[in-house]
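Accompanying notes for the structure given below.
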Amino acid sequence: QVRLMESGGALVQAGGSLRLSCAAVGGRFSIATAGWYRQAPGKQRELVARIMSGDITDYADSVKGRFTISRDNSENTVSLQMNSLKPEDTAVYYCNYRFGDDNFWGQGTQVTVSS
């Protein structure tokens, strides 16, 4: 069992920045694929960014150039730096951990971007 704890969600004005963090207990991000997903009201959950083995990263087109995913293996955390935020980035952001058949989700953290 892997427990994920997200933090960093907040209300921010358009053009601002936020940094989300996710800490894992019971798993190691160094061997897993770690991702950030988001779900806006009335919409499906979608991939925002993920970091895979070898630190290969993948981003949704809508956030490329604005968001950066990274991980700190010594702290066993994954972060999402979000810059130039837009109102359409408003959503609950979820941390995800995948390794083999393991697939775990955090509780989510709310990001609200005001115009």
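The values are calculated or read from the model by the stated rules, or taken from the named source; none is laboratory data. The structure presented is a predicted model; accordingly, all values stated were derived computationally and were not measured. Cβ sites come from the backbone with ideal geometry, for glycine too, and all protein chains shown count toward neighbours. Surface areas here come from the heavy atoms of the whole protein model, side chains and all, with no ligands, DNA or RNA. Shrake-Rupley method; radii C 1.70, N 1.55, O 1.52, S 1.80 Å.
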Could you identify which residue out of N96, N73, N83 has the top mean-square fluctuation in a GNM of the chain using Cα springs shorter than 10 Å? N73
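Just to confirm, what accessible area per residue do you get for the chain at 1.4 Å probe, in whole Å²? Don't skip to the end; give the middle numbers.
Details: 6160 Å² over 115 residues.
It amounts to 54 Å² per residue over the chain.
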Most to least accessible of L11, L18 (protein chains only, probe 1.4 Å): L11, L18
Quick one: net charge of V2's neighbours, Cβ under 11 Å, K/R +1, D/E -1? +2
Read phi for every residue in the stretch 55-72 and hand back ³J(HN,Hα) as whole Hz from Karplus 6.51 cos²θ - 1.76 cosθ + 1.60, θ = phi - 60°, with x for Gly and Pro. 6, 6, 10, 9, 10, 5, 4, 5, 10, 4, x, 10, 10, 9, 9, 8, 9, 10
Heavy atoms of M5: accessible area, 1.4 Å probe, square angstrom to 10: 80 Å²
Using the Kirkwood radius over Cα pairs of the chain, the Stokes-Einstein translational diffusion coefficient at 25 °C and 0.890 mPa s, in µm²/s and rounded to a whole number, is 176 µm²/s
Ignoring ligands, DNA and RNA, what percent of the 1.4 Å accessible area of the chain is carbon and sulfur? 45 percent
Suppose accessible area is computed on protein heavy atoms with a 1.4 Å probe; arrange S74, S17, S79 from highest to lowest. S74, S17, S79
For the peptides 98-111, 32-45, what is the packing order when you average, over each peptide's residues, the other Cβ atoms within 10 Å and list the highest mean first? 32-45, 98-111
